[in-house]
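Read-outs: derived from the displayed coordinates by stated rules, not from any lab. Because the structure is predicted, anything quoted here is derived from the model rather than measured. Neighbour counts run over all protein chains shown; Cβ positions are idealised from the backbone, glycine included.
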Amino acid sequence: ATASLYTSLSSSSSSSSFCVDGGVDLIRIWDPITAMAGAASALFLLDIKGRVLIWRDYRGDVSALDAERFFTKLIEKQADPQAQDPVVHDNGVTYMFIQHSNVYLMIATRQNCNAASLLFFLHRIVDVFKHYFEELEEESLRDNFVVVYELLDEIMDFGYPQYTEAQILSEFIKTDAYRMEVTQRPPMAVTNAVSWRSEGINYKKNEVFLDVVESVNILVNSNGQIIRSDVVGALKMRTYLSGMPECKLGLNDRVLLEAQGRTTKGKAIDLEDIKFHQCVRLARFENDRTISFIPPDGSFDLMTYRLSTQVKPLIWVEASVEKHSKSRIEIMVKARSQFKERSTATNVEIELPVPVDATNPNVRTSMGSASYAPEKDALIWKIRSFPGGKEYMLRAEFRLPSITDEEATPERKAPIRVKFEIPYFTVSGIQVRYLKVIEKSGYQALPWVRYITMAGEYELRLI
């Protein structure tokens, strides 16, 4: 039966290799023409630097040194954009290769082979390895040497491709393979020039919200003198913009306006200690003071700055303490807003320190409400709305049940702390002159600007 099979095949004029169960090896042994027709010499798996991870020699006519020659030629080819074909020929050896992830799959041969068939075969090998290891990478190859060699022995025999169906191979190669856990890869933005923004962002309504927030820091000593005063500002943005928009922001910056030869109709400001988000083009700002940037998606601080000029306390608090006896104390407080009448402070909270053993508070206010907070040893006076140019009063009486030594060291007095917010108002006078959004699709974006001044470290040591 074998002889008759051999006779019928050898009488055919075709030189193609045949895959017949039980008869393939006999054909290749007995038919020298078929055996020499386009066989691969070896199959190499290399890492991204050209080092051989695994290789299988099928015919004995190439060596591992040929893999080094291949990678040298590959580097030379990469320098020439016109020569990016997947076939390299050098010193009588032809190399056919593909790259998958961080692995090169390469076939070397000294015969005249069908390059397209062998390249297709390499892609099928990738599918087989992915079936076994989940992902084909250098790590998965290093973790599965045994399985890889078993597969290379089955999918190619004496340089001729055999079975490349992963489902069929898994029926008789049952060696346990270490399957890689597919982890989420970093987004493309990580490797882009604009690493803070991903591509393909889309919104039905394109909007930009810019909050100019200034925090006032003031420290007043017991004599009523201001010993510390500064303003720390931040431009906080929330962007909901499609695509990769280009934004331009203009402020009433004195340096910019003078450089452009403009007369400052309003108040121009001198900003100090400016710090920008990484999206701002610093070279552009240094050249012409233009704040140009591609914004991140969502919330971020575009810029922070500081003003060290003397600031008048926006809310001034005067307090006097009167001890009627060793068991009773009375506190009188006057709060005055020292800003223009058109502005209104909201959520004003004045924290007044009281003795540690104070009890039975009796409080009267001309505006707002007051509550005793024993955990803070303080009286909290809250005023929801405090217009400019107004003055309010508070009178509180406490009992002091503790008996103290007259010669005892007086306890350290805590400061009066003030919290507030003033919308539509800035201490520095900073103004956003314009906020432009330019995107290649040409959509119209809606910019919204809001100004807020709030108390930072606002302390008055007057009690």
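Structure values in brief
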read-out: All aspartates and glutamates inside 16 Å of Lys334 as judged from Cα atoms, apart from same-chain residues fewer than 8 positions distant; value: Glu318, Glu322, Glu349, Glu351, Glu391, Glu397, Glu459
read-out: Burial ranking of peptide ranges 105-115, 301-311 (average Cβ count within 10 Å, highest at the top); value: 105-115, 301-311
read-out: 14 Å beta-carbon shell around Arg124, net charge (K/R +1, D/E -1); value: -2
read-out: Separation between Cα centres of the stretch 281-334 and the stretch 90-169, rounded to whole Å; value: 67
read-out: Listed residue pairs exceeding 29 Å between alpha carbons, taken from Lys326/Lys376; Lys326/Lys419; Lys323/Lys382; value: Lys326/Lys419
read-out: Around Leu152: net Lys/Arg minus Asp/Glu count, Cβ-Cβ under 12 Å; value: -4
read-out: Charge sum, other residues only, whose C-beta stays under 11 Å from Arg110's C-beta, Lys/Arg counted +1 and Asp/Glu -1; value: -1
read-out: Amide H contacts of Phe339 (H built 1.01 Å from N, under 5 Å, at least 5 apart or other chain); value: Gly389
read-out: Nonlocal amide H pairs with Ile416, under 5 Å, H built at 1.01 Å; value: Leu460, Arg461, Leu462, Ile463
read-out: Eligible aspartates and glutamates near Lys77 by straight Cα distance, threshold 15 Å, same-chain separation 8 or greater; value: Glu68, Asp85, Asp90
read-out: Burial order of peptide ranges 244-250, 270-276, 217-223 (average beta-carbon count within 10 Å, highest first); value: 244-250, 217-223, 270-276
read-out: Ratio of the Cα radius of gyration of the stretch 42-175 to 2.2 N^0.38 Å, where N counts its residues; value: 1.01
read-out: Qualifying lysines (Cα of each under 18 Å from Cα of Lys436; at least 8 residues distant if same chain); value: Lys205, Lys236, Lys248
